[in-house]
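So the structure is just underneath, and the comments pick up after that.
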Number of protein chains: 6
Amino acid sequence: MINKKFSSKWINILKYDYPELYETIIDLDKCVFTGKSLDPKTQKLIAIGIVASNYNSESIERQMRKGIKEFSLTKDELMDVLRVVLLTSGMPTFTKSITILNELF
Amino acid sequence: MINKKFSSKWINILKYDYPELYETIIDLDKCVFTGKSLDPKTQKLIAIGIVASNYNSESIERQMRKGIKEFSLTKDELMDVLRVVLLTSGMPTFTKSITILNELF
Amino acid sequence: MINKKFSSKWINILKYDYPELYETIIDLDKCVFTGKSLDPKTQKLIAIGIVASNYNSESIERQMRKGIKEFSLTKDELMDVLRVVLLTSGMPTFTKSITILNELF
Amino acid sequence: MINKKFSSKWINILKYDYPELYETIIDLDKCVFTGKSLDPKTQKLIAIGIVASNYNSESIERQMRKGIKEFSLTKDELMDVLRVVLLTSGMPTFTKSITILNELF
Amino acid sequence: MINKKFSSKWINILKYDYPELYETIIDLDKCVFTGKSLDPKTQKLIAIGIVASNYNSESIERQMRKGIKEFSLTKDELMDVLRVVLLTSGMPTFTKSITILNELF
Amino acid sequence: MINKKFSSKWINILKYDYPELYETIIDLDKCVFTGKSLDPKTQKLIAIGIVASNYNSESIERQMRKGIKEFSLTKDELMDVLRVVLLTSGMPTFTKSITILNELF
């Protein structure tokens, strides 16, 4: 199940060449997303907000895609995340993220 | 109601010296937090996550305080936000935020 | 006039799907660039400096293009902005921005 | 003249313990602020904008102080810089900078 | 041994209130610093460089202190890290870090 | 020798159009990488770590390439740098950098 979650090529390379690092990352990811109070969907929305506030196209796209696939996030929900990005991180990050969002829907 | 939300000294100075900028910020804040799908509490959690991933003590504390006051956020809920910060932004931001969290509870 | 300023595809999508957010952004942009003391050209130079110090190719290019179109910014003026970026933000951001600058002239 | 510009304690330590690094920094600073087209005041405004968009209280205060001392920057001029910070970098950096600005005037 | 490494108050709170998160962080830290080729001292120097390029006083101080204690890092070695910070991240981060360095020696 | 080090197109444009800025950058680069205690290879590893923690694909690739060419850095050594990036800057920067690393080897 965890394997399906990380489907990118890099995670496979990590798995075979650096297995102990791979295991650590899987554990970290699992530990992070099994919070005590918030459900994983809310945590994923938070992750998207953080990544979207950092200009990194590939990460924004990957996180949004995973959110849509795993939690059926809608365009309006992602747009509500981006509203917070606009307020906390400014127009250029918002603009970048909204462009990616439009390509996904 | 909005006035009570921004209670810091700087917002009052803005209000009297730069009223048009003040109005714009109030409008922006209102527009951001009246999303179409996510409730304001979820949006606040996202805002805390973004701010916590950026090393700025004062903002982290202000956002956490507002979240506790306005949405009765618990320590566990905030901790679940910080788990996401750990994964997406690394140990130093996590450490900084957890220190502030511990002072608030 | 404002519409011509934002000519990217995303702003049109925003305009029709999220009109209240669109209006807020137009108001924010107008309020920001009608400062009390600095002329809009100086403010645009500041915006370019900030964006250039943040590694985001698309935003750097968009801001530089707008500055050239709206304020007839010269290569030397933009280079003087990038000098400040070199000092305040280091070589990698400077290198990235100068590459974009060279493509525009 | 350059010495007066950098009056902080750290620059003196640098001068005596790492003279070649000190000379390089003095040269860099001089080269940056003798642009071909923009006057040093405009470049200083850009520097303040960049620093203000990065959450670093001490740098924001130092840059604003230097701008006020060397170029007699007014509160309204600095506020016009911060308007651009609000648009490009979001509320938390704006809030932090405006608090520092209010302490300086 | 690992416990002695993290001596801050926050790690103790984590240990008792969020033991599974505590274990994950300990594992992550151990996995990171048992690289295949670089010795832990070199990795610590890299960690200091990264943290120093991000304006966060507390993290810079904590990382430098740990480096001095665990690897007997000298002032000149740390200064050589900061030279790289100057080149890659600009003067404000360099200035901030050199101030902290001077307080430690 | 220094010319061979910077082989990108932008440095040539800088050399002919802005010779005094070119000289300053060459001097800065030389001064930074002739530290008192650390060898240039260690400093290059630090530079790669800092750049990798900042999401900028082009800079990450350029720095890794230069490190491989000038210091024969191995995949395992670069991976050990990225372990530190994972801990200090989080998964998205690590993921981005590991993807680039895999393309280089």
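The values are calculated or read from the model by the stated rules, or taken from the named source; none is laboratory data. Bear in mind that the values here come from a model prediction, so they are computed numbers and not experimental data. When we count neighbours, we look across all protein chains shown, and the Cβ atoms used for this are built from the backbone with ideal geometry, even at glycine. Please note that ligands, DNA and RNA were not included when accessible areas were found on the heavy atoms of the full protein model with its side chains. Shrake-Rupley method; radii C 1.70, N 1.55, O 1.52, S 1.80 Å.
Things to note:
- Taking the criterion of being touching a Ser or Thr at 6+ places or on another chain (Cβ under 8 Å) and within 11 Å of chain F (Cβ to nearest Cβ), the residues of the stretch E:21-31 that qualify are E:28, E:31.
- Filter result for the condition that a residue is more than 23 Å from residue F:77 (Cα to Cα), surrounded by 15 or more Cβ atoms within 10 Å (Cβ to Cβ) and modelled with pLDDT under 95, over F:13, F:25: F:13
- Against the conditions (1) surrounded by 23 or more Cβ atoms within 10 Å (Cβ to Cβ); (2) modelled with pLDDT of 95 or more; (3) at the interface with another protein chain (Cβ under 7 Å from one of its Cβ atoms), residue D:77 satisfies every one except (1).
- Remark: residue E:39 falls outside the filter, which requires a residue to be over 27 Å from residue D:52 (Cβ atoms), modelled with pLDDT under 95 and open to solvent by 10 Å² or more (accessible area, probe 1.4 Å).
- The one condition from (1) under 21 Å from residue C:29 (Cα atoms); (2) in contact (Cβ under 8 Å) with a residue 40 or more places away in the chain; (3) more than 9 Å from chain C (Cβ to nearest Cβ) that residue D:52 does not meet is (3).
- Taking the criterion of being assigned to a loop (DSSP other than H, G, I, E, B) and either farther than 17 Å from residue B:53 by Cα or in contact (Cβ under 8 Å) with a residue 40 or more places away in the chain (or both), the only residue of the stretch F:75-105 that qualifies is F:105.
- Residue identified as over 19 Å from residue A:46 (Cβ atoms) and touching a residue at least 12 places away in the same chain (Cβ under 8 Å) among B:29, B:17: B:29
- Given (1) within 24 Å of residue F:16 (Cβ to Cβ); (2) part of a helix (DSSP H, G or I), index of the condition residue C:44 fails: (1)
- Residue F:30 vs. criteria buried (at least 21 other Cβ atoms within 10 Å of the Cβ) and among the basic types (Lys, Arg): no
- Unique match (being among the β-branched types (Val, Ile, Thr) and either facing another protein chain (nearest Cβ under 7 Å) or open to solvent by 10 Å² or more (accessible area, probe 1.4 Å) (or both)) among C:93, C:88: C:88
- Test result for residue D:20, in a helix (DSSP H, G or I), surrounded by fewer than 16 Cβ atoms within 10 Å (Cβ to Cβ) and not aliphatic (A, V, I, L, M): yes
- Top-ranked residue of the stretch E:49-58 - restricted to ones that are modelled with pLDDT of 90 or more and in a helix (DSSP H, G or I), ranked as farthest from residue C:90 (Cα to Cα): E:51
- Check on residue D:93, polar (S, T, N, Q) and under 18 Å from residue C:46 (Cα atoms): yes
- Qualifying residue in the stretch F:60-74 (condition: farther than 30 Å from residue B:53 by Cα, more than 11 Å from chain E (Cβ to nearest Cβ), surrounded by 15 or more Cβ atoms within 10 Å (Cβ to Cβ) and polar (S, T, N, Q)): no
- Condition check for residue C:83: more than 20 Å from residue F:63 (Cβ to Cβ) and more than 9 Å from chain D (Cβ to nearest Cβ): no
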